[in-house]
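J.: Input: one structure, supplied below.
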Amino acid sequence: MRGRRGWDRRRLRRLGMRRRRRGLVEGLGIFRRIRWPMAVIVAITVTCFTSLLHKNFSLQNQLRNLQDQLSMLNVRLNECNIYDPMGIVGTASEERNHIPNKNLKTSSLVFSLIILSIPLIILKYIDSMSRLRISSDSEEVSLNKQLAYQVDLFLSVHPYAKPLALLLATLLLICLGGLALFGVTDDSLADCLWLSWTYVADSGNHANSVGIGPKLWLSWTYVADSGNHANSVGIGPKFVSVSISFGGMLIFAMMLGLVSDAISEKFDSLRKGKSEVVEKNHTLILGWSDKLGSLLNQLAIANESLGGSIVVVMAERDKEEMELDIAKMEFDFKGTSVICRSGSPLILADLKKVSVSTARAVVVLAEDGNADLSDARALRTVLSLNGVKEGLRGHIVVELSDLDNEVLVKLVGGDIVETVVAHDVIGRLMIQCARQPGLAQIWEDILGFENCEFYIKRWPQLEGMQFEDILISFPDAIPCGIKVASCGGKIILNPDDSYVLQEGDEVLVIAEDDDSYAPTTLPMVCGGYLPKDFIVPKSHERILLCGWRRDMENIIMVLDAFLAPDSELWMFNDVPENERERKLVDGGLDFSRLENITLVNREGNAVIRRHLESLPLESFDSILILADESVEDSAIQADSRSLATLLLIRDIQAKRLPYKETLISHVHRGNFSQGSWIGEMQQASDRSVIICEILDPRTKNLLSVSKISDYVLSNELVSMALAMVAEDRQINDVLEELFAEEGNELQIRPADIYLREEEELNFYEIILRARQRKEIVIGYRFENEEQAVINPPNKEVRRKWSAKDVFVVIAEKE
């Protein structure tokens, strides 16, 4: 039994040794799995902690010895009746009684070290903890990734996350640094916390810190400057102070980076146009197109008398690019300030950014490119504007490309929407100008704000007067209509002479500016009688259309309404005839409803001379050169094509016309010699009228110098119309009637309808004579001049007129 028990004891001893060896091996394995940086940090921490404890104990022993010696010295001094004037011994005795508890200081130091070590340990072993919690075949995300995601979510979602994190880090560093200083120095906790704050805020403030002696400053200067090591003190306070200072530097760097990022972000938002516009009664333009320059110019001219206005442009472009393009525009803004912002009109937040609810007018520009896509985007923009919670103070002016989409936009926008269909306006203007040469310049004068334009205002002093008397009551304006209050504000152009102005009615006039005219006393005017009962003859015409537009069916229907019976409309383009008919039918044209015109189709390229020579160009009364649908997206390319077609047609006409007929010229056409090619084309232009659809304003100069064509400036005229409607939405009703097939229109009349040769009359008398034909004369053009005068000054001055002069009138369509 004794041997059995001995064997058991030896066996137990061997098992214990194996377990101890196994535990040592496992401990070594765990130690190997720890990366060397962590081991170094732990070793440094343990070394510093033991050295701090050892230094603390030695300092405490030295302090006790010194205090005992001071106590003995104080007793001897008292026995000898020696007075201590400095109070050194008494102070030392009092400080001995206020020495903090040694255990409390040690606990504060240990606590600060533990708090600093916890984040390092968590970051080190968080992956191991997540692997223990999650099985190998599980698809759950690790704790490290979840933590990183939560931190990223907090910093990105909450706007004040970064400053809050910086504040918490600063407070944590001050608290832990204060506790560490409390553990290695003899100062109170409050003094240590204050000293920790001075280290964090500015390491140069240690000399003036509260509570701790000059030796701590010397210890920091030893770390910061090796030349000061002679005055250094113990390793404990020095290490803690340097650690807090480096933490303060890190906090300061983070704060500096945060402030720098905030300032850079603010300047970046300003540069990119992300800041909010705080304006009222401004004009807001949504979108960017080639018409923007002319639109800004007209708005600047319109508000010149007010000292300028505010125009805000928002488009999906970079703000700096927009400002650079606007700066390149060659016109004077006349006090108007243009503010650019980057954003989308389809986003409510971007609309609020430009103060859309307080704007007096919102202009939605059509995009360059496909007409259907442009109108669809305009429709979505109107929907976004209707979604503004604050509502809109002003009206919306929408530029559309296709007439078929006008009804839908008005249905969505309601009463606050005014539409301007660019293609329809230009098409109707081209038709009117082709039938009446010189009308294009009249429209430019009336549509733009540079000369005279339409204004509507109420004049209570005129109430009760007949329209015939109102016509001659304005020396600086020409009345041409009445806004009838009893009919819901309907504008009547060219009303009857017997109409009496009622209370609330407003007068529509053509004047230079809204504050440049006022009624005066009624002048004494005798109109007299017309020299003859003249009836404008209406004969059949032959018109050629060169090119193809997407609204060709609308042009055909308008021409059918304007032209006399048995007229011919020739269409010359490169669209195949069978496809041409299909497009017209799809566009809504009913061939059976055409009463006055006969369609003649010719296929060919308008820039190829042999194709043009196959046409009887010398027999057409009017030729309309359209911006072809295939190149209308590029203004320069479309204008180049139109200009080439114009020059080829004029050259062919000059070669075909007899020389004697080419010498006939009713109007002086410039200084070009008759033998030059431009001179020949000028003479050929007297036989037929050619209207070019021009998209780029720069092409205007080429046609103006050569004087071989009347012209229509598409983009500029549309911009003028948009500006007028933006300034006063009531003008849109006036323009729609003047462009329509029925109602009133601008016409050019010869002077012999109203007067005799060399008859002396003033402008008031001519106005009254024209009223016998129910026409309103708004201007004239002399025989030897090319520019018409709209709303002439000095209307009471009499002068002699020639029968070859012409007058511009508003008359009913014939």
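J.: I'd like the FRET efficiency for VAL259 and HIS540, computed as 1/(1 + (r/R0)^6) with the beta carbon distance as r and R0 of 60 Å, rounded to 0.05.
T.: Values: r = 81 Å, r/R0 = 1.35.
Step by step, r from the Cβ atoms, then E = 0.15.
J.: Here's a follow-up. In this model, which of LYS162/LYS352; LYS280/LYS353; LYS291/LYS583; LYS532/LYS795 are farther than 19 Å apart at the alpha-carbon?
T.: Values: LYS162/LYS352 27 Å; LYS280/LYS353 13 Å; LYS291/LYS583 28 Å; LYS532/LYS795 24 Å.
Table pairs above 19 Å Cα-Cα are LYS162/LYS352; LYS291/LYS583; LYS532/LYS795.
J.: Extending each Cα 7 Å along its Cβ direction at PHE782 and LYS389, get the distance between those two points in nm, one decimal.
T.: 6.5
J.: Tell me, what ³J(HN,Hα) does each residue in segment 736-749 have, in order and in whole Hz, if you take phi through Karplus 6.51 cos²θ - 1.76 cosθ + 1.60 with θ = phi - 60° and put x for Gly and Pro?
T.: Residue by residue, segment 736-749 yields 4, 5, 5, 8, 6, 6, 10, x, 9, 8, 7, 9, 10, 10 Hz.
J.: So who's got an amide H within less than 5 Å of the one on ILE778, skipping anything under 5 residues away but keeping other chains? H placed 1.01 Å off N, in plane.
T.: VAL808, VAL809, ILE810
J.: Mind running the shape call on segment 377-497? Use the C-alpha gyration tensor, a ≥ b ≥ c as the square roots of the eigenvalues: rounded below 1.5 for a/c, prolate if a/b tops b/c, oblate otherwise.
T.: Numbers: a/c = 2.43, a/b = 1.35, b/c = 1.80.
The shape class here is oblate.
J.: May I pose another question? How big is the accessible area of GLU741 in square angstrom, nearest 10, if you roll a 1.4 angstrom probe over the protein chains?
T.: Surface accessible to solvent at GLU741 totals approximately 70 Å².
J.: With the crude spin-label approximation of a point 7 Å out along Cα→Cβ, what separation in nm comes out for ILE347 versus GLU812?
T.: Taking the simple label geometry, ILE347 and GLU812 are separated by 5.5 nm.
J.: In nm, to one decimal, how far is the ALA564 label point from the HIS611 one, both placed 7 Å along Cα→Cβ?
T.: Each label point lies 7 Å from its Cα, and together they span 3.3 nm.
J.: Then there's this: Among residues other than GLY293 whose Cβ falls under 10 Å from its Cβ, what is the net charge (Lys/Arg +1, Asp/Glu -1)? Don't skip to the end; give the middle numbers.
T.: Values: positive: LYS291, LYS328; negative: ASP290, ASP325, GLU330, GLU716.
Around GLY293, the surrounding residues sum to -2.
J.: Further question: Tell me which GluC sites (Glu not before Pro) from segment 369-435 have a DSSP coil assignment and no more than 12 other beta carbons within 10 Å of their own.
T.: Numbers: sites: GLU390, GLU399, GLU406, GLU418; in loops: GLU390.
Hits after loop and neighbour filter: GLU390.
J.: Figure the gain on full extension for MET249 and ALA165 (residue separation times 0.36 nm, minus the Cα-Cα span) and round it to one decimal in nm.
T.: Working: separation 84, 0.36 × 84 = 30.24 nm, distance 1.60 nm.
In short, 28.6 nm is gained.
J.: Determine which residues of segment 441-485 fall in the zone a paramagnetic label at GLU503 would reach in this model, i.e. backbone nitrogen under 20 Å from the point 7 Å along Cα→Cβ.
T.: 457-467, 483-485
J.: Right, another one. What list of ³J(HN,Hα) couplings, whole Hz, do you get for segment 276-289 from phi and the Karplus terms 6.51, -1.76, 1.60, once you set θ to phi - 60° and write x for glycine and proline?
T.: Each residue's phi maps through the Karplus curve to give 7, 9, 10, 9, 9, 6, 9, 9, 9, 10, 10, x, 9, 7 Hz.
J.: Give me the distance between the Cα centres of segment 536-578 and segment 725-759, rounded to whole Å.
T.: 23
J.: How about segment 480-516: which GluC sites (Glu not before Pro) there are in a DSSP loop, with at most 10 other Cβ atoms within 10 Å of their Cβ?
T.: Filter output for segment 480-516: GLU503.
J.: Can you work out the PRE-style zone for SER619? Point 7 Å along Cα to Cβ, and I want the residues of segment 543-563 with backbone N under 18 Å.
T.: The answer is 543-546.
J.: Report relative contact order for segment 283-415 in percent, whole number only (criteria: Cα-Cα under 8 Å, sequence separation at least 6).
T.: For segment 283-415, the relative contact order is 27 percent.
J.: Between ARG550 and GLU741, take the C-beta separation as r, use R0 = 22 Å, and let me know the FRET efficiency to the nearest 0.05. All intermediate terms of the calculation are to be shown ahead of the outcome.
T.: Details: r = 20 Å, r/R0 = 0.91.
Calculated transfer efficiency: 0.65.
J.: For LEU172 and SER516 in one chain, what is 0.36 nm times their gap in residues minus the Cα-Cα distance, to one decimal in nm?
T.: So the extension gain works out to 116.6 nm.
J.: For ASP586 and THR106, compute 0.36 nm times the residue count separating them, minus their Cα-Cα distance, and round to one decimal in nm.
T.: Working: separation 480, 0.36 × 480 = 172.80 nm, distance 9.45 nm.
Taking ASP586 through THR106 to full extension adds about 163.3 nm, to one decimal.
J.: Could I ask something else about it? Rank these residues by their accessible area, most exposed first, probe 1.4 Å: ILE492, ILE442.
T.: On the way: ILE492 60, ILE442 5 Å².
Final ranking, largest accessible area leading: ILE492, ILE442.
J.: Let me ask you something else. For ALA564, list long-range residues whose amide hydrogen, built 1.01 Å from N in the peptide plane, is under 5 Å from its own amide hydrogen.
T.: GLU541
J.: Show the residues, 5+ positions off or on another chain, whose built amide H is closer than 5 Å to the amide H of SER309.
T.: For SER309, whose amide H was placed from the backbone, the distant partners under 5 Å are THR336, SER337.
J.: Taking θ = phi - 60°, what integer Hz values does the Karplus form 6.51 cos²θ - 1.76 cosθ + 1.60 yield along segment 420-429, in sequence order, with x for Gly and Pro?
T.: 10, 8, 4, 5, 5, 4, 5, x, 5, 5
The values are calculated or read from the model by the stated rules, or taken from the named source; none is laboratory data. The model shown is predicted, which means the values in this text are computed figures rather than measured ones. Ideal geometry is used to build each Cβ from the backbone, glycine not excepted, and the neighbour counts take in all protein chains shown. The protein model used for the area step is the full one, side chains on, heavy atoms only, and it has no ligands, DNA or RNA in it. Shrake-Rupley method; radii C 1.70, N 1.55, O 1.52, S 1.80 Å.
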